[in-house]
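Some notes on the structure that comes next.
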Amino acid sequence: MRFLPLFFRLHPALLAVLPLLAGCGKTAGPVRLDFVGAANLTSSNRTLGAADTVAVRLYAITSADEPLTRLTITTRATPRRQAFVYPTPLSSFRPETQPAGPEQVLLDSALGPNTRELKFQTTFTARPTTGTERWEFAVFDAAGHRASRAFRLTVRRPDSLALVQSYTLLLRPGRGPLARPYLVLDSGQVLPRYAARPRLPQNQHIIDLVALETPNGLYLAAPDAPAAVPLPARWPSPRATRLRPTAFDAAGFGSPTTATAFQDFFDAAQRYSQAGDYVTDALAKDQVIAFQTAGGHYGFLRIIDLIRTPYPLLRVSVRMAK
């Protein structure tokens, strides 16, 4: 199945103003790939806050007779994105013993026929934990020529020793090319819609929650919700996250400090109006939702803000035991 990436129209004069960042040490070839530089875009190594939102624009062109055929986006975290408990005493901790995460493919897409030029924009989230991530973007032509660009994102948290991990994320429900509806709770990752395409089952099987837009409001649902819940996509063996409402406000959101406390709050919570614990009622600002992941982790999710126009956005904060 071919995928036509999000194209953004740039006037030639504007391309002259927005620098194309080719990077160092690259040899010119028949395929060229560059970052488009601008104040609100990321195009080089950066140090960020936990779970910051990052936007990237790519421009690719072929000077040969062969068309562009494929675009890939991959990332690798060092150490892995998931939070961990530091040993006691802390002096026994050895950073070099922490394993790097596996390479994750966010996009592996065939391009449309006779593609000579590509303009693509995407948004993703930095890691919520201390460490680095290397992001690589690559484009290929029909003859197998390849051009790539990469950068590293670094996050340093002052509270890495805490036993509860916390982060704030921006979800974008919807079915369009800019939608970011998928949340991976243990790694604090927001995945764009294209990351859950059928050819990337490894991403499908880590997704814990899906943000939904409906005429009646915004919702959160488990990937295994039944057919009556309008998920943007479905796949085999979806994760079974369970959701329950709480009576907590912003202050109560910070109350649990242990895995046992989070579980106790979940077990004592009431149920939503729809049986099964697989979807919330319509969301409202400052709601606190208790969750249980398929892996048996418990936590709280707070709705910080929700916006319906000009496009739907959900700003959520998550707290869960490491």
Checklist entry - How do the pairs read when you match residues in the range 222-233 that are surrounded by fewer than 18 Cβ atoms within 10 Å (Cβ to Cβ) with residues anywhere that are modelled with pLDDT under 95, using Cβ under 6 Å and keeping only pairs 6 or more apart or on different chains? => result Pro232/Arg175
Next on the checklist: Residue pairs, Cβ under 6 Å, 6 or more apart or interchain, first in the range 256-281 and without any contact (Cβ under 8 Å) to a residue 24 or more places away in the chain, second part of a loop (DSSP other than H, G, I, E, B) and surrounded by fewer than 20 Cβ atoms within 10 Å (Cβ to Cβ). List them.
Outcome noted: Ser273/Asp281
Checklist entry - So Ala100 fits all but one of (1) of a type in the set (A, V, I, L, M); (2) in the same structural domain as Thr69 (by TED's automatic domain parsing); (3) in a strand (DSSP E or B); what number is the exception? => result (3)
Checklist outcome for this item: Among Ala251, Ala261, Ala275, the single one that is under 19 Å from Leu212 (Cβ atoms), assigned by TED's automatic domain parsing to the domain that holds Asp186, among the hydrophobic types (A, V, I, L, M, F, W, C) and not in a strand (DSSP E or B) is Ala275
Next on the checklist: Checking the conditions here, which among Arg319, Arg315, Arg302 is over 15 Å from Leu218 (Cα atoms), outside the structural domain of Gln82 (by TED's automatic domain parsing) and not in a loop (DSSP other than H, G, I, E, B)?
Outcome noted: Arg319
Item to check | Complete set of residues in the range 42-67 that are in a loop (DSSP other than H, G, I, E, B), out of contact with any Leu (no Cβ under 6 Å at 6 or more places or on another chain) and more than 16 Å from Asn114 (Cα to Cα) | outcome: Thr42, Ser44, Asn45, Gly49, Ala50, Asp52
Item to check | Unmet criterion (only one of (1) farther than 24 Å from Leu107 by Cβ; (2) in a strand (DSSP E or B)) for Leu183 | outcome: (1)
Next on the checklist: I'd like to know if the range 279-296 contains one or more residues that are in contact with a Pro (Cβ under 7 Å, 6 or more places away or on another chain) and over 25 Å from Gly174 (Cβ atoms).
Outcome noted: no
Item to check | Count of residues meeting criterion [closer than 24 Å to Pro30 by Cβ and not in a strand (DSSP E or B)] in the range 103-124 | outcome: 1
Next on the checklist: Whether any residue in the range 130-140 is among the hydrophobic types (A, V, I, L, M, F, W, C), assigned to a strand (DSSP E or B), out of contact with any Cys (no Cβ under 9 Å at 6 or more places or on another chain) and under 30 Å from Ala261 (Cα atoms) is what I want to check.
Outcome noted: no
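The values are calculated or read from the model by the stated rules, or taken from the named source; none is laboratory data. Because the structure is predicted, anything quoted here is derived from the model rather than measured. All Cβ positions, even for glycine, are placed from backbone atoms using ideal geometry, and neighbour counts span all protein chains on display.
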